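Here's the structure, in structure tokens; my notes come after.
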Amino acid sequence: MSADITIVVDGVPRRVPAGTTLAAALFRAGVTAFRRDLSDAPRAPLCGMGTCFECRVVVDGVAETRSCLVGVREGMRVETGQ
Amino acid sequence: MTVSRAPDVIVVGAGLVGTMTALGLAEAGLQVTLIDHDFPGAGSTGAAMGHIVVMDDTPAQLALCAHSRTRWNALSETLPADGEHDHCGTLWLATDGDELAAATSRVAGYAASGVRAELLDAAALREAEPHLRHDLAGALSVPDDSVCYPPAIARDLAQRAAERGAVLRFGAMVTAIEPGGVRLAGNERIAAGAVVVAGGATSPQLIPALPIVPRRGHLVITDRRPGMVRHQLVELGYLHSAHTFGGASVAFNVQPRRTGQLLIGSSRELVGFKSGINRRLLAAMLERAGTFVPALREARALRTWTGFRPATPDKLPLIGAWPAIPGVWIAAGHEGLGITMAPGTADIVIAGILGSSSPVDPAPFRPDRPMPTMAEAA
Amino acid sequence: MKSRAPADVVVVGAGPAGLAAASAAAERGRRVLVIDQGLKPGGQIWRHQHEADLPRTAQRLMARARRAGVTIASEARLVDVASSNELIVDFRGRIDTQQTGALIIASGARERFIPFPGWTLPGVVGVGGLQALLKGGLSVAGARVVIAGTGPLLFPVAAALARAGAQVLVVAEQASRAALMAFGMSLVTSPDKMAQAMRYRGAFLATPFRTASWVVRAHGHERLAQVVLQERGRLRTLDCDWLATSAGLVPVTDVAELAGCALDAGAVRVDAQQATTVSGVWAAGECTGVKGDAAAMVEGEIAGRAAAGDARGAADRTRARERQRGLRFAARIARTFAPRAELLQLADDATVICRCEDVRRGAIDPAWTQRQAKLWTRVGMGACQGAVCGPACAALFGWEGNTVRPPIGGPACGAWRDALDRIAPPSS
């Protein structure tokens with residue numbers, strides 16, 4: 001199943017393969033700053049398995065969503081720390 | 001560090017009350033030894049909400065709170081940054097006209113004690129706190145109240161006491177208070193002219209006659225939600241209504257931390273020193289919070305913990321000489337006002353030890369005063 | 001709100017141990033619900049998009065679980081353990097209570113990260129972390145990857161990356177050559193493990209494999225650009241796009257701790273039938289000690305039988321022997337791949353230790369206790385509640401982990417509260 005779907009990342013539509021995790025899709029979309037730390041430095045996934053909370057982004061308005069635990073869905077709106 | 005002479009005063013307990021007292025004594029030129037079985041702020045101070053609040057249940061409470069808060073505000077510039085002292089003020093929320101009327105009658109009492117307090121009507125309240133539910137009647141605003149992060153302050157005060165010559169003995173367990181000194185685990189005895197017992201809820205372990213019991217409270221801290229709440233918000237209703245569960249109660253209380261996180265309380269129950277979570281009480285507490293600030297329902301709960309307030313039957317702390325053991329002073333039993341009252345408590349104890357006049361009338365806080373029983377108090 | 005049907009057995013985790021436990025219990029007539037946070041079952045080691053890509057053992061176990069009638073709730077996370085019979089679970093965004101007769105914890109392992117300068121740069125990921133991202137659809141074609149870590153995880157990850165078109169520049173194992181040789185010799189008794197290791201190595205043959213080698217620091221502006229590797233006493237700088245690095249695996253014990261189970265050296269304590277110190281709660285697999293998928297499956301089998309009331313089956317001698325083999329293997333892994341002392345010296349005062357709260361190494365006095373540091377600096381008090389900095393601080397300062405407190409995973413206050421309100425009142 002390698003059909004592509006569209007997700008919206010920071011207002012920009014991106015085509016990503018269906019079945020990928022949102023974290024992988026965001027990397028594909030060129031995101032390097034998933035979130036920003038307290039000194040505004042960029043952070044991105046570390047553990048890939050929902051433990052480190054570095055991959056948090058806003059998904060469909062819900063803040064603090066761990067993107068490595070979420071599969072991409074058609075029309076998903078994502079806001080990162082980019 | 002070698003001690004050249006025996007201490008003038010031993011302070012037992014390095015919570016906010018103990019460290020504030022130790023620092024004050026050291027600044028007064030006395031040789032102080034501050035002892036704690038763990039580290040500064042490890043007890044109730046470390047679990048506390050850090051609300052510096054003037055409460056007026058009784059004239060004595062009002063006097064001690066008002067004086068203490070003035071001292072906090074004078075200290076503010078000297079506190080460490082991670083003490084997060086924030087002058088956000090308190091809003092006491094009125095859910096109906098009756099509560100607002102009752103609040104109105106308190107303004108004069110506050111004013112007479114030099115405490116600024118003003119009433120906000122519904123519209124003014126909505127402007128002050130947009131995320132509160134819109135049908136509240138108004139609030140009593142006490143703008144000079146503040147919040148802080150107590151364990152960092154306890155650590156800093158202890159350090160400053162050491163810089164003024166105090167000897168710090170942390171990780172040392174006091175096993176007995178004796179006339180003229182204390183005994184530590186391992187049988188070491190330290191002699192001193194005076195001993196101040198500032199052990200919070202554990203004080204009865206040293207002096208069993210102290211009428212202090214632990215009253216457990218729950219707190220929940222959320223993820224960062226900057227701007228959701230601007231003041232410490234407390235419901236007026238808790239003073240009158242009984243949100244009880246067989247002796248347990250909850251009351252709405254939320255604090256904005258400098259990090260943007262929200263600290264949600266409060267609950268009270270008598271379960272001894274059990275540190276487990278009472279999930280049904282927690283549910284009631286969170287429910288109450290959600291009815292006042294609906295947006296809190298979406299905030300994410302990062303962690304829950306419990307702490308023990310040192311409660312006395314008449315709701316006033318025990319501050320002053322303990323006649324049963326010469327040279328022993330008590331500075332404990334502050335229930336939920338330990339952080340607030342720490343400076344005033346220290347002042348009363350230090351005045352007593354030095355024989356000078358206390359800035360606050362110490363009579364209502366005499367540790368050996370007649371006291372209702374715990375059963376009568378419940 | 002419709003409440004969920006109670007289960008006879010709830011298994012937390014759908015990795016090798018969890019699937020084996022669930023299958024064994026279901027085959028004995030129990031109604032079994034597996035709670036797993038992955039998009040699909042398999043845990044970490046059997047993460048997949050297409051089941052056909054999995055090793056045969058995994059496919060067989062998944063088929064077995066299906067045949068046995070196991071229900072698997074994917075994208076489900078444990079939020080709270082109200083009691084050994086009542087859990088609070090986030091089922092794909094809806095938080096609900098779940099009653100159960102028995103609880104089997106198969107929460108697996110997580111990577112241990114020992115901080116070094118630059119480790120917070122985007123592009124620095126775990127060894128398992130990069131594999132997880134890869135299996136989640138990350139594209140690494142043409143990307144330059146440095147792998148620096150320790151233990152049996154290195155080879156399969158290097159192989160997977162190479163097969164996906166990455167340019168694996170080096171695989172650095174921090175253990176010494178001697179330790180690795182001894183470990184390799186011990187695999188002689190497990191010819192299939194040997195063969196598997198050689199197959200993996202074959203997939204990244206062009207890549208140098210270095211022992212006694214580790215990352216000293218990472219550089220980059222806003223994203224990783226370079227790593228500095230220590231190799232045979234010398235420092236080497238490599239330009240790269242990804243650094244996959246960790247210091248081995250540690251058991252995930254938060255669920256067990258919430259349930260009140262005792263731990264031994266950071267692993268859930270169990271007896272020979274995988275029973276924990278809490279009645280009605282069993283634990284199996286990596287969470288009782290890192291031992292690999294084969295040993296995890298054996299423990300899961302035993303736990304499933306025991307939780308289903310099959311005491312004889314749980315005490316079966318063949319399983320017991322295999323279990324002992326697994327424990328011996330776990331001990332060899334722990335000995336061989338223990339993080340070396342040099343790794344503990346890499347962080348300088350400016351290096352972030354607690355990534356969630358930005359607490360730097362210099363803010364922590366090594367003489368403090370864990371609780372002291374927690375209260376005075378908030379280390380471990382952020383979003384991950386010490387899951388990353390906990391193992392780091394255990395290595396750096398000898399601290400035991402944070403006290404685990406509910407809730408897990410930061411549920412919304414309202415949704416958590418609604419579920420809390422539905423739990424049964426305590427009997428005492």
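At-a-glance table
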item: B:Glu298, B:Glu99, ranked by accessible area, largest first (probe 1.4 Å); result: B:Glu298, B:Glu99
item: log₁₀ of I(q)/I(0) at q = 0.19, 0.20 Å⁻¹ - segment C:92-198, Debye sum with one point per alpha carbon; result: -1.09, -1.15
item: Amide H partners (placed H, <5 Å) of C:Trp282, local residues excluded; result: C:Leu103, C:Ile104, C:Ile105, C:Thr276
item: Equivalent ellipsoid dimensions for segment B:254-348 as semi-axes, Å, which come from the Cα gyration tensor, largest first; result: 34, 16, 11
item: 0 to 90° range, to nearest 10: angle between helix B:150-163 axis and chain B longest Cα axis; result: 30
item: Residues with amide H under 5 Å from that of C:Arg31, placed H, sequence gap 5 or more; result: C:Asp8, C:Val9
item: Percentage, to the nearest whole number, of Cα pairs in segment C:168-318 over 26 Å apart; result: 49
item: 3J(HN,Hα) from dihedral phi, segment B:123-135, Karplus parametrisation 6.51/-1.76/1.60, rounded to Hz, x for glycine, proline; result: 5, 5, 5, 4, 5, 6, 9, x, 8, 6, 5, 7, 9
item: Per chain C, cysteines lacking a partner by the 4.7 Å Cβ criterion; result: C:Cys240, C:Cys261, C:Cys287, C:Cys356, C:Cys384, C:Cys393, C:Cys413
item: Long-range amide H partners of B:Val167 with built H, under 5 Å; result: B:Val32, B:Thr33, B:Leu34
item: Gain on full stretching of the segment that runs from C:Asp316 to C:Leu235 - 0.36 nm per residue minus C-alpha separation; result: 23.9 nm
item: Charge dipole (chain B, unit charges on Cβ, about Cα centre) - positive-most of B:Ile10, B:Ala172, B:Pro151; result: B:Ala172
item: Signed unit charges on C-beta, dipole axis of the protein assembly as shown, positive-most listed residue B:Leu120, A:Pro17, C:Ala24; result: C:Ala24
item: For segment B:66-81, 3J(HN,Hα) per residue [Karplus equation, 6.51 cos²θ - 1.76 cosθ + 1.60, θ = phi - 60°, Hz, x = Gly/Pro]; result: 4, 5, 4, 5, 4, 5, 4, 5, 6, 6, 3, 4, 8, 6, x, 4
item: Charge context of A:Thr65, other residues only, Cβ under 13 angstrom, K/R +1, D/E -1; result: 0
item: For segment B:39-111 versus segment C:4-83, the gap between their alpha-carbon centres in whole angstrom; result: 52
item: Pairwise centroid distance, computed over Cα atoms, of segment C:84-130 with segment C:170-185, Å; result: 29
item: Accessible-area composition of segment B:290-336, carbon plus sulfur, in percent [1.4 Å probe]; result: 64
item: Around C:Asp349: net Lys/Arg minus Asp/Glu count, Cβ-Cβ under 15 Å; result: 0
item: Alpha-carbon centroid distance for the pair segment C:265-285 / segment B:348-378, whole angstrom; result: 52
item: Neighbour net charge for C:Asn402 - beta-carbon separation under 10 angstrom, K R +1, D E -1; result: +1
item: Helix-derived mean residue ellipticity, 222 nm - over chain C, DSSP H n ≥ 4, -39500 (n - 2.57), to 500; result: -9500 deg cm²/dmol
item: Hz values of 3J(HN,Hα) by residue in segment B:269-278 - Karplus curve (6.51, -1.76, 1.60), Gly and Pro given as x; result: 7, 9, 9, x, 9, 5, 9, x, 8, 9
item: Degrees between helix C:16-27 axis and first principal axis of chain C (Cα, 0 to 90, nearest 10); result: 20
item: Surface per residue (accessible, 1.4 Å probe) for the protein assembly as shown, Å²; result: 38
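The values are calculated or read from the model by the stated rules, or taken from the named source; none is laboratory data. Since the model is a prediction, treat every value here as computed from it, not as a measurement. Cβ: placed from backbone, ideal geometry, glycine included. Neighbour counts: every protein chain shown. Ligands, DNA and RNA are excluded from the accessible area calculation, which covers all protein heavy atoms including side chains. Shrake-Rupley method; radii C 1.70, N 1.55, O 1.52, S 1.80 Å.
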